[in-house]
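S.K.: First, the structure itself, so that you have it in front of you.
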Amino acid sequence: MLSDKLEEGMEVILDYKTADAGKVYISSVLLKEGSLIALKPCYDDKGNIEDFSEGDVSLSIKGSNTVISNLKIVPVLYHGEKIYLTYGNRDDNDDQTYHRASVRYPVNADCKANDREAKLIDVSDHGFGIILNHKYKNGLWVELKYREVKVMGKIMQSKEVGIDTYFYGCKVDDADISGPFERLIMRQEEEFEDKLNEDEK
């Protein structure tokens with residue numbers, strides 16, 4: 001259960017993917033009562049509370065590589081304040097907890113995937129995540145083109161995040177993690193760390 005993994009005061013990272021984009025928010029556990037968890041609300045660039053209604057949300061504890069995916073989050077009023085309530089996965093019979101090999105750093109920019117228009121959602125020391133309007137099977141290879149980066153990634157996981165729109169987590173061979181791709185990872189890592197530090201102030 002999600003409540004077994006979280007404690008009051010813990011900082012968590014909410015990774016939100018929709019058909020259009022990917023966003024990362026920093027939150028914290030406000031309250032834990034039984035299987036219900038209350039989280040600090042997150043706001044978009046316009047100051048509106050994010051309602052997480054159109055895509056897929058995963059949660060990781062800050063500093064941990066454990067990820068709980070396919071999370072159900074509901075904005076509610078609690079003692080006059082807006083907060084989030086969550087009780088875990090959308091499908092309680094499906095174990096959606098896994099261990100991420102490395103931290104993902106958000107990019108959220110237009111790119112090309114096998115020469116199709118796509119969105120580069122994130123990068124990591126081992127690969128990248130993209131969203132595009134084309135269905136591929138796990139195990140196939142995708143060529144990513146983004147700015148000076150041109151690299152092949154093998155699809156390791158996939159998930160439908162909208163109508164005919166899919167997220168793909170792709171693994172890059174260690175030998176190809178150099179040059180432009182390595183510089184991209186380092187740049188996004190710096191931006192991500194800056195964002196975390198800003199949210200803590």
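S.K.: Which strands (runs of 3 or more DSSP E) does segment 99-168 wholly contain that include 2 or more residues that are of a type in the set (A, V, I, L, M) and either farther than 20 Å from L14 by Cα or open to solvent by 30 Å² or more (accessible area, probe 1.4 Å) (or both)?
M.R.: Working: elements: 105-113, 116-124, 127-132, 141-146, 149-162.
Ranges flagged: 141-146, 149-162.
S.K.: Determine which member of the set I49, I83, I73 is open to solvent by 20 Å² or more (accessible area, probe 1.4 Å), at pLDDT 85 or above and not acidic (D, E). If you could, list the steps in order and put the result at the bottom.
M.R.: Working: I83 fails: open to solvent by 20 Å² or more (accessible area, probe 1.4 Å); I73 fails: open to solvent by 20 Å² or more (accessible area, probe 1.4 Å).
Step by step, each of I49, I83, I73 is checked, and only I49 is open to solvent by 20 Å² or more (accessible area, probe 1.4 Å), at pLDDT 85 or above and not acidic (D, E).
S.K.: Scan segment 54-70 residue by residue and report those that are surrounded by fewer than 17 Cβ atoms within 10 Å (Cβ to Cβ) and of a type in the set (G, A, S).
M.R.: Residues of segment 54-70 that are surrounded by fewer than 17 Cβ atoms within 10 Å (Cβ to Cβ), as a first pass: 54, 62-66, 70.
Listed by number, the residues that qualify are G63, S64.
S.K.: If you don't mind, another one. Does S27 fit the bill of being buried (at least 16 other Cβ atoms within 10 Å of the Cβ), over 17 Å from the mean Cα position of the chain (by Cα) and polar (S, T, N, Q)? Please lay out each step first, then the result.
M.R.: Numbers: buried (at least 16 other Cβ atoms within 10 Å of the Cβ): yes; over 17 Å from the mean Cα position of the chain (by Cα): no; polar (S, T, N, Q): yes.
For S27, the condition - buried (at least 16 other Cβ atoms within 10 Å of the Cβ), over 17 Å from the mean Cα position of the chain (by Cα) and polar (S, T, N, Q) - is not met.
S.K.: Every residue in segment 1-17 that is touching a residue at least 40 places away in the same chain (Cβ under 8 Å) and either buried (at least 19 other Cβ atoms within 10 Å of the Cβ) or not in a loop (DSSP other than H, G, I, E, B) (or both), please. Before you say what the answer is, go through the steps one by one.
M.R.: Restricting attention to segment 1-17, the residues satisfying the condition of being touching a residue at least 40 places away in the same chain (Cβ under 8 Å) are 1-3, 5-6, 10-17.
The answer is L2, S3, K5, L6, E11, V12, I13, L14, D15, Y16, K17.
S.K.: I would also like to ask the following. Please find, within segment 169-194, the residue that is nearest to Y136 (Cα to Cα) out of those that are exposed (fewer than 15 other Cβ atoms within 10 Å of the Cβ) and in contact with a strand residue (DSSP E or B) (Cβ under 8 Å, 6 or more places away or on another chain).
M.R.: That would be D173.
S.K.: Could you tell me whether M186 is of a type in the set (A, V, I, L, M) and either at pLDDT below 90 or in a helix (DSSP H, G or I) (or both)?
M.R.: Criteria met by M186.
The values are calculated or read from the model by the stated rules, or taken from the named source; none is laboratory data. Just so we're clear, the structure is a prediction, and the values are computed from it rather than from any experiment. Here the Cβ is made from the backbone with ideal geometry for all residues, glycine too, and neighbour counts use every protein chain on show. The protein model used for the area step is the full one, side chains on, heavy atoms only, and it has no ligands, DNA or RNA in it. Shrake-Rupley method; radii C 1.70, N 1.55, O 1.52, S 1.80 Å.
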